[in-house]
Amino acid sequence: MVASKKRLSRQTVESPSTPDGLDTLNIAALIYRLDSGVPLLVEANETAKRQLRLDGRFPMADPWQWLDAGRYPAVGRDHPALLSVASTTSRQWHSFHIRQYQQPLLAVKLKVSSLEATGDTETTRHVLIAIGEVAPDDAKPELLAQHQPQLRQVFDNLPMGVCMIDAGGYLRQVNRAFCKFFGYAESDLLNAHFRKLLPPKSRQAAEKRHAASFPNALNLRRSLEVQLHDGSTRTVILEDTISRDEQGNPQRIVFLVDITQRRDVERRLEEKNRRLEYLATRDDLTGLHNRRMGRELLERALERGKRLGDKVAVAMLDLDHFKAINDRYGHAVGDTVLKEFSHFVVGALRSSDTLIRWGGEEFLMILPGIDRLSAQTTVNRVLAQLRHRALSSLELRLSFSAGVGEHRHQTSKGLLEEVDLALYQAKSAGRGCVAIVPVPASRSGRCLNQAFSSL
């Protein structure tokens, strides 16, 4: 049954002061009483009873299921009787769908205005709804209604959380898994804004991203931190798509998968990988680069010096009589000495210099930008400072022997052999001194002995 839309006068629709004469209106008219925001149908004129197939005694609970233009349940603040809260709504036509039990879906257009009635209070008031059009719904809702329970059952039984969000960001449908995951009842989520489910720090950015994605974004997939009802946070993967309802309005269908446990496992694996990488390149005791990484760093330094035309010096250090410390005081004291010695030497060098634990009590210095003579001066300075440094709680005094060399055109292996021979000469000369590789260097011990004869 169809009634054409008519222009309604201000007296009869927008601001009536009494329900008297309701039956004189040639359009459907309903009067609702709002008790603390809950609508109760208290009167309807004959036109409304006929067009809307309404019977029964008044007052009565709302006999219809109200759906908005997108055919989503118009519950809570979306009920048409609550449109009168806004002062401008009475001048607008609003589209709704209504359905009674076992009745076809009807499309209606209506206006809403407040009524002044005896006994109204701050929590109780009356509302007049004037319906200008009533028409059968074009989308054959009888078939949709017939299958809606099955569709709802499938939707609710999906193992992952699913929700539908309108263009304004409000949750229009949520399934059982979605509610269980967030710890809310369905009634707490329907028509709530999705920002309710996010930590405060990320709400503004999420709202902007949501608004910008309509209506062109499709099949977005990303990880997101969400906030549950108890205040805890979880990490989820969201996979969503933009679709349109029967009215052409965009809506977002969101599928949610909790990956918090997987993310925790990934973080632990990342931490283990970082630890393995650290152990592969660092000495676990002193924190210095180990011998394996030291070789790579030496190659890099020599290559860079060659490319830039800079000198590169190296020095091999060996702590004197370190075995005696381990034998007398134990390995725990020996480990402390190695750690404190490493920390002391690093603090005495430039930031561009590198100290490497070569093995045991041996250490390699890489000193870019200086020649062997400057390197010898640097190592002698460190040795002199060490003599006045007490190590460990036992306040042990140590010294070291060192061999110093300079890169010219030899390989890194050849350079290490030269400084190793120089270190041997320093130890042979009585320890606690620095020997320098002569230039040009000879690989024979005889030439090196001549170079170190002054020691």
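Every number here is computed from the coordinates shown, using simple stated rules; none is lab data. These numbers come from a predicted model, not from an experiment. Reconstructed Cβ throughout: ideal geometry from the backbone, glycine too, with neighbour counts over all protein chains shown.
3J(HN,Hα) along the range 28-44, derived from phi through the Karplus expression 6.51 cos²θ - 1.76 cosθ + 1.60 where θ = phi - 60°, amounts to 5, 9, 10, 10, 10, 9, 9, 9, 6, x, 9, x, 10, 6, 10, 6, 8 Hz, with x in place of Gly and Pro.
Ranking of D166, D240 by neighbouring Cβ atoms within 10 Å, starting from the fewest: D166, D240. Taking the Cα centre of the range 282-451 as reference, the dipole from Cβ charges on Lys and Arg (+1) and Asp and Glu (-1) amounts to some 320 debye. Projecting the Cα atoms of V437, H343, A315 onto the charge dipole of the range 282-451 (Cβ charges, centred on the Cα centre) puts V437 farthest toward the positive pole. In terms of other Cβ atoms within 10 Å, V419, V345, V404 run from fewest to most in the order V345, V419, V404. Sparsely packed loop sites in the range 352-406 (the GluC sites (Glu not before Pro) outside DSSP H, G, I, E and B with at most 14 other Cβ atoms within 10 Å) comprise E395.
Sorted ascending by nearby beta carbons within 10 Å, beginning with the fewest, V42, V162, V379 become V42, V162, V379. Across the range 290-304, coupling constants 3J(HN,Hα) worked out from phi with the 6.51/-1.76/1.60 Karplus curve, θ = phi - 60°, read 8, 4, 4, 6, x, 4, 5, 5, 5, 4, 4, 5, 5, 5, 5 Hz, and Gly and Pro carry x. Couplings 3J(HN,Hα) of the range 310-326, computed from phi: 9, 7, 9, 10, 9, 9, 10, 10, 9, 5, 7, 6, 5, 4, 5, 5, 4 Hz, in residue order, whole Hz [Karplus 6.51 cos²θ - 1.76 cosθ + 1.60, θ = phi - 60°; x for Gly and Pro]. Summarised in one figure, the compactness ratio Rg/Rh of the range 282-451, Cα atoms and Kirkwood Rh, is 0.96.
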